[in-house]
Amino acid sequence: NFKEIQFIPVPDDATRVNGIKAGDYDYSERIPGDLYDSLKDDPDLVVTLQKGGSQGFVFFNSKEGILKENFKLRKAILTAVDMDAVLKAAIGPEALWRKNGSIMPEGTPWFSTAGADAYSLGDAEKAKALAKEAGYNGEKITYMATTSYKVHYDSSLVITEQLKKAGFNIDFQIYDWATLVSKRADATQWDMFFTYHGFVPDPVLFTFMSEVYPGWWATPEKKELAAKFASTLDEKERKAIWDQIQELVYTQVPIMKTGDNFIYDVYAPKLEGVKDTALIWPRFWGVHFKK
């Protein structure tokens, strides 16, 4: 065990990795995916996965604009996107991501296949047909993403290109994170935006379940199911209701999930007691230097 732990900000990824090898640091968080293959078998450090992961979400505007109540048009957008291509481009090695249509990760009590047959179809022609049925005539759809987080931008680049190929008129707006957060609070500024969401122990904690979070999903059907979900503590009842909520997510499409992203850290071989974890941050209880 340690008397103290120092957290030292080091922005450059290569410096953080080389610092482990040189003995300057003992542990480094959230190394980019494109370095994973070169590091996983490196004898001078150890890789540990944070398997709780996080999820990429595209939020749809349920308050204003062309997507407000046009669920068929949203379904058309969902139908156009192949998440394999998104995850490979944005994250890289397959060890660091999982294509998963369940809103909650596999291995949790909330894992569900409800509605997930609509996930990751990547069918441009079917998307065009659905968009036509929805009355879409090439109107502009404003999609916001940030360059402040590489995975946000890389994911969005692939998503928007797929949507354009399926006939959608996408206005791809790129901002720093602070500007995007400011703009997404104004429902007149956007139709879709990309973000990531950390693991939550209970699905009611997802931001898209909040009626005040940008996206503002508050349909009567959602409200009714959310009220039922909150009214019982019975685990079987709550799971059955969550299945209905996820089915509704794939029907009304308030969000579009890309997949599960596993974070990885690296540490010096002299550390003992570090284990892969379901957490998305490091934990150091039971960790010590080898004697």
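Read the figures in this text as sums done on the coordinates, not as results from a lab. Just so it is clear, the model here is predicted, and its values are computed rather than measured. Note that we place each Cβ from the backbone using ideal geometry, even for glycine, and neighbour counts take in every protein chain shown.
Sorting 281-288, 29-36 by their mean Cβ neighbour count within 10 Å, with the most densely packed peptide first, gives 29-36, 281-288. Computed from the C-beta positions of Glu161 and Lys275 and an R0 of 30 Å, the FRET efficiency is 0.15 to the nearest 0.05.
Between Lys291 and Ala230, what length in nm is gained on full extension when 0.36 nm per residue of separation is reduced by their alpha carbon distance? Intermediate values should be presented prior to the final figure.
On the way: separation 61, 0.36 × 61 = 21.96 nm, distance 5.08 nm.
Computed gain between Lys291 and Ala230 is 16.9 nm.
The stretch between Glu4 and Glu139, if pulled fully straight at 0.36 nm per residue, gains 42.9 nm over its current Cα-Cα span.
Taking a straight line from the alpha carbon of Lys75, these lysines sit under 18 Å away, with near neighbours fewer than eight places off in the same chain left out: Lys63, Lys126, Lys128, Lys132, Lys140, Lys164, Lys165, Lys222, Lys257. Other residues whose C-beta falls under 15 angstrom from the C-beta of Phe2 contribute a net charge of +2, scoring Lys and Arg +1 and Asp and Glu -1. Structural size metrics of the chain, computed from C-alpha coordinates, are Rg and Dmax of 20.7, 70 Å.
Scalar couplings 3J(HN,Hα) for the range 94-106, obtained by applying the Karplus form with A = 6.51, B = -1.76, C = 1.60 to θ = phi - 60°, are 5, 5, 9, 8, 9, 6, 8, x, 6, 4, 8, x, 4 Hz; x denotes Gly and Pro.
Taking 0.36 nm per intervening residue step and subtracting the Cα-Cα distance, what contour gain separates Glu221 from Asn169 on full extension?
Stretched out fully, the Glu221 to Asn169 stretch lengthens by 15.8 nm.
Taking amide H atoms as placed 1.01 Å from N in the peptide plane, the amide H of Asn169 lies under 5 Å from those of Ile141, each 5 or more residues away in sequence or on another chain. Under the rule a/c < 1.5 gives rounded, and otherwise a/b versus b/c splits prolate from oblate, where does the range 191-237 land using the Cα gyration tensor? Oblate.
The angle between the Cα long axis of helix 13-22 and the main principal axis of the chain comes to about 20°, on a 0 to 90 degree scale.
Just to be sure I understand: of the beta bridges DSSP finds with both ends in the range 53-262, what percent are antiparallel, rounded to 5? Present the calculation step by step, with values, prior to reporting the outcome.
Details: 14 of 23 bridges.
DSSP beta bridges in the range 53-262 are roughly 60 percent antiparallel.
Would you order Leu96, Leu87 from fewest to most other beta-carbon atoms within 10 Å of each residue's own beta-carbon? Walk me through the intermediate numbers first.
Details: Leu96 18, Leu87 27.
Neighbour counts put them in this order, fewest first: Leu96, Leu87.
Give the separation of the Cα centroids, the range 24-78 to the range 134-165, in Å. Taking the Cα centre of each part, the range 24-78 and the range 134-165 sit 16 Å apart.
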